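Student: For reference, the structure I am asking about is given below.
The numbers here are math on the coordinates, done by the rules we state, and not lab data. These figures come from a predicted structure and were not determined experimentally. All Cβ positions, glycine included, derive from the backbone under ideal geometry; neighbour counts span all protein chains shown.
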Amino acid sequence: MLPNPKYDLLVPTRRRLLQHGAAVVAGLALPIPGWGGDFWSQPRELWLIRGRESVKAVYWADGKLIPEGYVALCRVLRDVQLNLAVQIDPVTLDILRGVYGWLRYFGIDRPITVLSGYRHPYTNARTERAALNSLHMLGQAADIRIPGVAASRIAQLGKYLSAGGVGYYPADGFTHLDRGKLRAWTG
């Protein structure tokens, strides 16, 4: 739990969203103070960390992928067991961006800690509790933490974004986000 009065604002209820003039549901705009236009028309930046690696990069701007930033983020989201990077689905990056942008909107500028991104089928088969048809194998899922933000809050936000699956793992303190069918579970 954050020792910050803004923490309760992280509970993504529709009332709070409307009170702050923000919307992140598909197709709606999230106005950010000081920015012209809406949230999704701005350059899309992510700050990801994994182990000793840290990448803060813009992966989308002016209606197209930015190769340097996109590749850097894909590298962080690689299968670390096999050291194999693939093209991560841009919608998956957008889901992470939605979470990151929401936090930044409330003045919380912290990196997203990646526990798992892409998984090769070999790695997935050897990962405890991994689904046989995991979207990790398609580069369409990420297991994350954000320092100082409860996994339950990230899961609530993931559900509110309505962009795919949300798994909440309280015992392990992480949240799974993917771009698959809308569904939610507790692991």
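Student: Scan around residue 180 for amide H atoms under 5 Å from its own, H built in the peptide plane at 1.01 Å from N, and keep only partners 5 or more places away or cross-chain.
Tutor: The answer is 165.
Student: Full extension from residue 53 to residue 162: what is 0.36 nm times the residue separation minus their Cα-Cα distance, to one decimal in nm?
Tutor: Details: separation 109, 0.36 × 109 = 39.24 nm, distance 2.93 nm.
Result: 36.3 nm gained on full extension.
Student: Here's another thing I want to ask about it. Out of residues 5 or more away from residue 146 or on other chains, whose amide H comes under 5 Å of its own, with H placed 1.01 Å from N in the peptide plane?
Tutor: Placed amide hydrogens put 113 under 5 Å from residue 146.
Student: Moving to a separate point now. Describe numerically, in nm with one decimal, the distance between label points set 7 Å from Cα along Cα→Cβ at residue 115 and at residue 41.
Tutor: Taking the simple label geometry, residue 115 and residue 41 are separated by 3.8 nm.
Student: Ordered by residue, what ³J(HN,Hα) values in Hz, to whole numbers, does segment 55-63 give under the Karplus form 6.51 cos²θ - 1.76 cosθ + 1.60, where θ = phi - 60° and Gly and Pro are x?
Tutor: Values, residue by residue: 10, 10, 8, 8, 10, 8, 7, 6, x Hz.
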